[in-house]
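Working notes, beginning with the structure itself.
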Amino acid sequence: LRRFKTTVNTPKAPPAFAFAFDIDGVLLHGSTPLPGAKKTLDYLNHNKIEYLLLTNGGGLSEAHRVQELSRLLDVPLSTQQFVQSHTPFQRHASSIPRVLVVGGKKDNCRHVASGYGFKDVIIPADVIHTHPAASPFSEAGAYENIGRTLKGGEKVDAIMVYNDPRDWGSDLQVVVDVLLSKDGEIGTRRSTKEVLEQGHVPIYFSNPDLWWANEYSLPRLGQGGFRAALEGVWRAVTGGELKAETIGKPHTETYRYAEEVLMRWRKERTGDAEIKRVYMVGDNPASDIRGANGFTQGKAEWVSCLLRTGVFRDGEDDAGAHHIADNVANAVMWAVEREK
Ligand code: G3P
Ligand code: MG
């Protein structure tokens, strides 16, 4: 990092490159900043090199999450340089009258969805609070303060998994009940034959990550693990395959959305949106690297940098990363040198 001071003087014209940083395993382990994270972001801010935070994480509103990230990293951050897993779900708000939102801590994701404009938001805690026997193994009263009492007859128009479920058992139970129901009506059931013929309420996942990295010494199962569990239960219950839509890295929709946000952020800061190259710095080959390498239809060239501080381990498939670095500071130094 000391080399940074001599490497790049503050550029006259905005540099033609920018960064997209994954969060978990790159800047943070859980809520613990990784070494060099703050210094790296401070350096980029000082040298007016734009960057975006692009995470498959979520669970809070963009404003709340950015406030939390600024505090943890001790770096000023804006919601205009931030994309999290469920951010693109906003565009569905007007077309889904009632949504079952799954995942996250307590009822935080209910408030996130309402903030996006979803008019009627139900969470699994509402079903269990209203009918405790619906989830026989949940702790009695566990949903007392977060569940709302349902009137009965509510029909769910779509299921959206916003963040990693905390209680897979009860969330799986409620989601499977809605998928097997008549037109999404809570408390009803169709035959397997009808389900296979008619299909089910649409279900959206915001993050495909099978693994992610926190403070623990080994990667942890993520929302992709929950989806795999649901797919297994669905196969056992119906004999059919679950039809679901998943966004988040590595999906092109997420990278296209992220590039739009980054270009808008650059225009807002410098009046010039011309970014020729985006360096995607991530720890997960399956999401960060595959996504960046596969996003060839954007305005900028995306260059992938894989770090050794998260999910990836030397010797495993690196998904063809353009560069592999020990940490975020080294990755940025490599990119800056490359751009000289
Ligand atoms: O739930 C968070 C996890 O899936 C990883 O997030 O920041 O590494 O994309 P991130
Ligand atoms: Mg990560």
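From the list Asp326, Asp272, pick out the single residue that is modelled with pLDDT under 95 and either surrounded by fewer than 15 Cβ atoms within 10 Å (Cβ to Cβ) or within 23 Å of Gln90 (Cβ to Cβ) (or both).
One residue alone meets the criteria, Asp272.
Suppose we keep only residues that are within 20 Å of Ser114 (Cα to Cα) and of a type in the set (Ser, Thr, Tyr) within region 141-181. Which one would you say is farthest from the chain's Cα centre (by Cα)?
Result: Thr149.
Of Gly184, Gly152, Gly117, Gly169, which residue is open to solvent by 10 Å² or more (accessible area, probe 1.4 Å), in contact (Cβ under 8 Å) with a residue 12 or more places away in the chain and farther than 26 Å from Gly57 by Cβ? Full working, then the answer.
Values: Gly184 fails: open to solvent by 10 Å² or more (accessible area, probe 1.4 Å); Gly117 fails: farther than 26 Å from Gly57 by Cβ; Gly169 fails: farther than 26 Å from Gly57 by Cβ.
Of Gly184, Gly152, Gly117, Gly169, the one residue that is open to solvent by 10 Å² or more (accessible area, probe 1.4 Å), in contact (Cβ under 8 Å) with a residue 12 or more places away in the chain and farther than 26 Å from Gly57 by Cβ is Gly152.
Among the residues in region 208-217, are any of a type outside the set (D, E, K, R), open to solvent by less than 10 Å² (accessible area, probe 1.4 Å), within 18 Å of the chain's Cα centre (by Cα) and within 15 Å of ligand 1 (Cβ to nearest atom)?
yes
Scan region 280-307 for residues that are open to solvent by 10 Å² or more (accessible area, probe 1.4 Å) and within 14 Å of ligand 1 (Cβ to nearest atom) and jot them down.
Answer for region 280-307, where residues must be open to solvent by 10 Å² or more (accessible area, probe 1.4 Å) and within 14 Å of ligand 1 (Cβ to nearest atom): Asn284, Pro285, Ala286, Arg290.
Please determine whether any residue of region 238-245 is more than 14 Å from ligand 2 (Cβ to nearest atom), among the β-branched types (Val, Ile, Thr) and without any contact (Cβ under 8 Å) to a residue 12 or more places away in the chain.
Applying the first criterion (more than 14 Å from ligand 2 (Cβ to nearest atom)) to region 238-245 yields 238-245.
Then keep just the ones that are among the β-branched types (Val, Ile, Thr); that gives 238.
With without any contact (Cβ under 8 Å) to a residue 12 or more places away in the chain added as a condition, the list becomes none.
Checked region 238-245: no residue is more than 14 Å from ligand 2 (Cβ to nearest atom), among the β-branched types (Val, Ile, Thr) and without any contact (Cβ under 8 Å) to a residue 12 or more places away in the chain.
It is to be established whether one or more residues within region 225-232 are open to solvent by 50 Å² or more (accessible area, probe 1.4 Å), under 30 Å from Ser191 (Cα atoms) and more than 16 Å from ligand 1 (Cβ to nearest atom).
Yes, that holds for at least one residue.
The values are calculated or read from the model by the stated rules, or taken from the named source; none is laboratory data. Keep in mind the model is a prediction, meaning the values are calculated, not measured. Note that we place each Cβ from the backbone using ideal geometry, even for glycine, and neighbour counts take in every protein chain shown. Note: areas computed on protein heavy atoms with side chains; ligands, DNA, RNA excluded. Shrake-Rupley method; radii C 1.70, N 1.55, O 1.52, S 1.80 Å.
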